[in-house]
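Presented below is the structure to which this report refers.
The values are calculated or read from the model by the stated rules, or taken from the named source; none is laboratory data. Since the model is a prediction, treat every value here as computed from it, not as a measurement. Reconstructed Cβ throughout: ideal geometry from the backbone, glycine too, with neighbour counts over all protein chains shown. Each accessible area value is taken on the protein alone, full model and side chains, heavy atoms only, with ligands, DNA and RNA left out. Shrake-Rupley method; radii C 1.70, N 1.55, O 1.52, S 1.80 Å.
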Amino acid sequence: MNALWNAFETLLGLSVEPRSLTFVQISLRGIIVFVATLAMVRVGHKRSLSHKTPFDAVLLVILASVLSRAINGSAAFFATIGGGLVLVLLHRLFAYLAFYSHGFGILVKGSPDTIMHDGECDFRVMRRNHVSIHDLEEDMRLNAHLDDVSKVRVARIERSGDISFIKK
């Protein structure tokens with residue numbers, strides 16, 4: 001068993017300095033991290049990639065940053081993968097809590113803002129969300145297939161940052 005571990009350790013370069021890692025070792029580490037990350041994202045659930053909210057983006061950025069260290073050897077290989085799994089599980093816990101607690105959901109995910117009502121823009125809310133009239137008109141054309149603001153009953157900037165429209 002010890003010989004098997006030694007071979008595995010050599011194959012992945014677990015006991016060498018990062019600058020001494022070979023192409024093969026980094027490639028194998030990358031394959032293992034890729035498969036492990038795929039499994040983690042599946043544990044985390046589909047929504048971590050689908051909604052693209054800041055809540056989900058934070059997980060992806062931090063997860064990528066942490067797991068890259070396992071590939072380049074600047075952190076302990078298995079501990080780094082374990083740390084990535086903890087982050088995914090924490091994200092899943094927060095999503096669970098947000099589902100059952102509206103207040104917690106607003107805290108971690110934010111809340112939508114109404115930026116237009118009955119064809120009238122709320123420029124104060126638009127300014128706070130950094131949405132120009134040109135951004136609004138573009139999204140209105142692309143998403144609602146409208147070119148006249150008077151045909152919009154309500155427009156909201158959603159928690160994801162997307163603008164949704166309800167036609168009159």
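Here are some notes:
- Of everything listed in (1) open to solvent by less than 50 Å² (accessible area, probe 1.4 Å); (2) without any contact (Cβ under 8 Å) to a residue 40 or more places away in the chain; (3) charged (D, E, K, R), the single unmet condition for ASP122 is (1).
- Residues being outside any helix (DSSP H, G or I), in contact with a helix residue (DSSP H, G or I) (Cβ under 7 Å, 6 or more places away or on another chain), more than 30 Å from GLU158 (Cβ to Cβ) and free of Cβ contacts under 8 Å to residues at least 24 places away in the same chain are entirely absent from the range 20-41.
- Residue in the range 59-77 that is modelled with pLDDT under 85, among the small types (Gly, Ala, Ser) and within 26 Å of ARG159 (Cα to Cα) present: no
- Residue match in the range 150-168 (condition: out of contact with any strand residue (DSSP E or B) (no Cβ under 7 Å at 6 or more places or on another chain), aromatic (Phe, Trp, Tyr) and without any contact (Cβ under 8 Å) to a residue 60 or more places away in the chain): no
- Flag if ILE115 is at pLDDT below 95 and either hydrophobic (A, V, I, L, M, F, W, C) or more than 23 Å from ASP56 (Cβ to Cβ) (or both): no
Residue-by-condition table, conditions (1) out of contact with any Leu (no Cβ under 8 Å at 6 or more places or on another chain); (2) of a type in the set (Asp, Glu); (3) farther than 22 Å from THR53 by Cβ; (4) exposed (fewer than 15 other Cβ atoms within 10 Å of the Cβ):
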residue: PHE99; (1), (2), (3), (4): yes, no, no, yes
residue: ASP118; (1), (2), (3), (4): yes, yes, yes, yes
residue: HIS134; (1), (2), (3), (4): yes, no, yes, yes
residue: ASP139; (1), (2), (3), (4): yes, yes, no, no
residue: GLY161; (1), (2), (3), (4): yes, no, no, yes
residue: PHE165; (1), (2), (3), (4): no, no, no, no
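- Search result, residues across the range 24-41 that are open to solvent by less than 40 Å² (accessible area, probe 1.4 Å) and not small (Gly, Ala, Ser): GLN25, ARG29, VAL33, THR37, MET40, VAL41
- Candidate set: the range 63-122, residues that are among the polar types (S, T, N, Q) and farther than 16 Å from ALA36 by Cα; chosen: the one nearest to the chain's Cα centre (by Cα): SER111
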